[in-house]
Amino acid sequence: MFLRQLAAIVSVVALFLILSAHADTVEPRGTAKCQYIYPKIYCYGGRGYNEDINGSYTDSLTSNIFNTLDLSEEMSISDLQNRWTPMEQDTPGPNTEFAFVADPKHNAILMDGGSGLSNDSTMYRAQYRSIIYNVTTESWNSDIQMREDNFIFHSAILGPNSTAYLFGGRVVQENILTEPTFYPLEMYLFNFATASWGTSTAVRSLRDSLIEYRAALGKDGVSIYYIGGVYPDEPKYANMTDYYYGIVPMSEVVIFNTNTSEWRTQNTTGETPFTRIGHTLTLKPSTGELILLGGSFPSNITDFQMDYFYLLDTESMTWYTRALGLGQDLDYNVTEIADHSAVLVDDRFLFVMFGLVPPGRATSTVRVLDIETWSWVNVVSAVQVPEDADGSSSEASGGTSAGTIAGAVVGSIAGVALIGAIIAFVYLRRKRQAKTEQDAKVDEINISPEDRKDTALLSAPTSPGALSGSTQVPNTFDEPRTPDITKFYGVEKPDGASNNNSPQVLVMTPVKPDGS
């Protein structure tokens, strides 16, 4: 009886452990930020969106904030949507408009700045100015050197020597009615090896500061390209609490050299995109081209740009576009999207996640673009184990993550539990068989001499010729059954130039900290 109970308990525990390692869908959102470190995509934060005639962001998400997507197995795109795993324990809290950058060498992700629990009218400060997520231990660490101010609408790009380069954006003021608006004019550097900050020697002018742009590291591993967005043009008030904002032409690409700390602006040719914000910019490593996807007019985040896809040849600095193949039935028009996140995996597959889609709703859909065939795919293969310079896998050199260890432990426990259940079952079965044989022997002892003659015919061997004319009776038995910020967009030409001589400006309306 005890062994039966033990087998039942072990089976239940095994089933519970297997089911506890669950995956789920995530809440639709815009402005989420994502990064990839083998074998998972890590996505944080974002906001919901009011799907009304005007459209406005809701407060920052307060639940389901941090999620991972494991790509270690081949799966269909439809299955991909339900494979998110929430990482809710000890998160830094709600956040949006922050910078997010990963360093696979150190298995770490930096989240810098952000407006915390903000809505469409009021901006707050993030809980931490800077914080590191350790992929190996699956834990956050705020015990690092902090910047003096909290920035928003900036970006971070991983450059040489495990150094992240952060530029642009603006500071979240304590009181936006009385304090001047501050725009960082320096390039900030964060070193993952030492978890410390520094700045470059180059300082740009105020008009050269950038907001809501997108950036990517070039194929040379040295140049960072900045494209799109807006810039502070001139103060709106004497106390400089608010500014007019100009539109950055897409025909002007700002480039920062990480070796020399020098800035330069280079003009482009070709099929110049319309100006935009809310787009993504991704390097195609095999060719050095920059992939621009999505975006919206700076005046309205839901006024989606229909010229949704471009490539920039960084050698000739020429824009061009091409058609994308559709390898699946889409539940929304992937050509029009903004405030999404795009992550390149295995240097070939561009994962496009979350964002806003027509007519102005947030989505949680994941789509994957093969940048070699330029088509949206139906199935994604298991990701490849990256190799270090010495040829060894980074997984081995970087150590096994806590998630991998936890998965191995759960699998081991489940396996031990299953083996225990099988052993208990076999033991009970043999015990029953032994009891049956013993009972048969007892019955044989009690058979009378007269009856023994009859049973001898059934128990004796029945070889051919033996017991001629007798009927063979087979031995049979029963087998046991196995049981934000308001933006202004002026009339413009495709090259980003204004149709009039007056500067295009973006008007920010002062808002009290309490949102009134």
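The values are calculated or read from the model by the stated rules, or taken from the named source; none is laboratory data. Treat the numbers as computed from the prediction; the structure is a model and nothing was measured. Because the Cβ atoms are built from the backbone with ideal geometry, glycine has one as well, and the counts that use them run over all protein chains shown. When the accessible area is computed, the model is the full protein with side chains, heavy atoms only, and any ligands, DNA or RNA have been set aside. Shrake-Rupley method; radii C 1.70, N 1.55, O 1.52, S 1.80 Å.
At-a-glance table
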read-out: Search result, residues across segment 282-298 that are outside any strand (DSSP E or B), under 16 Å from Gly355 (Cβ atoms) and either in contact with a Pro (Cβ under 7 Å, 6 or more places away or on another chain) or modelled with pLDDT under 95 (or both); value: Phe297
read-out: Residue list for segment 240-263, filter: in a loop (DSSP other than H, G, I, E, B) and among the small types (Gly, Ala, Ser); value: Ser251, Ser261
read-out: Qualifying strands (runs of 3 or more DSSP E) (wholly inside segment 95-170; at least 3 residues being open to solvent by less than 50 Å² (accessible area, probe 1.4 Å)); value: 99-103, 108-112, 130-134, 155-158, 163-167
read-out: Tally, over segment 363-373, of residues that are open to solvent by less than 10 Å² (accessible area, probe 1.4 Å), within 22 Å of Ala216 (Cβ to Cβ) and either β-branched (Val, Ile, Thr) or within 12 Å of the chain's Cα centre (by Cα) (or both); value: 3
read-out: Filtered residues of segment 264-281 (kept if open to solvent by 10 Å² or more (accessible area, probe 1.4 Å) and in a strand (DSSP E or B)); value: Arg264, Thr265, Gln266, Asn267, Thr269, Gly270, Thr280, Leu281
read-out: Residue ID - farthest from Leu281 (Cα to Cα), chosen from residues in segment 218-243 that are charged (D, E, K, R) and open to solvent by less than 70 Å² (accessible area, probe 1.4 Å); value: Lys236
read-out: Close pairs (9 angstrom Cβ cut-off, 6 or more residues apart or separate chains): on the phi > 0 side of the Ramachandran plot in segment 143-161, buried (at least 16 other Cβ atoms within 10 Å of the Cβ) and of a type in the set (D, E, K, R) anywhere; value: Phe153/Glu97; Phe153/Arg170; Phe153/Glu212; Phe153/Asp484
read-out: Subset tally (residues that are crowded, with 17+ Cβ neighbours inside 10 Å and assigned to a strand (DSSP E or B)) for segment 198-217; value: 6
read-out: Count of residues meeting criterion [out of contact with any Asp or Glu (no Cβ under 8 Å at 6 or more places or on another chain) and open to solvent by 30 Å² or more (accessible area, probe 1.4 Å)] in segment 180-197; value: 10
read-out: Failed item, numbered, when Ala382 is tested on (1) outside any loop (DSSP other than H, G, I, E, B); (2) at pLDDT 85 or above; value: (1)
read-out: Inter-residue pairs, beta-carbon under 9 Å, first of a type in the set (A, V, I, L, M) and in segment 83-99, second open to solvent by 40 Å² or more (accessible area, probe 1.4 Å), 6+ apart; value: Met87/Glu138; Ala99/Lys33
read-out: Criterion violated by Tyr237 - all others in (1) in a strand (DSSP E or B); (2) among the aromatic types (Phe, Trp, Tyr); (3) farther than 20 Å from Gly169 by Cβ satisfied; value: (1)
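The rows are residues; the columns are (1) outside any loop (DSSP other than H, G, I, E, B); (2) among the aromatic types (Phe, Trp, Tyr); (3) within 22 Å of Ser375 (Cα to Cα); (4) modelled with pLDDT of 90 or more.
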site: Asp307; (1), (2), (3), (4): no, no, yes, yes
site: Leu311; (1), (2), (3), (4): yes, no, yes, yes
site: Ser316; (1), (2), (3), (4): no, no, no, yes
site: Arg322; (1), (2), (3), (4): no, no, yes, yes
site: Asp329; (1), (2), (3), (4): no, no, yes, no
site: Tyr332; (1), (2), (3), (4): no, yes, yes, no
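This table checks each residue for (1) in contact with a Phe, Trp or Tyr (Cβ under 9 Å, 6 or more places away or on another chain); (2) modelled with pLDDT under 95; (3) open to solvent by 20 Å² or more (accessible area, probe 1.4 Å); (4) within 19 Å of Glu271 (Cβ to Cβ).
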{"position": "Asn300", "(1), (2), (3), (4)": "yes, yes, yes, no"}
{"position": "Ala342", "(1), (2), (3), (4)": "yes, no, yes, no"}
{"position": "Leu350", "(1), (2), (3), (4)": "no, no, no, no"}
{"position": "Arg361", "(1), (2), (3), (4)": "yes, yes, yes, no"}
{"position": "Ser375", "(1), (2), (3), (4)": "no, yes, yes, no"}
{"position": "Ala389", "(1), (2), (3), (4)": "no, yes, yes, no"}
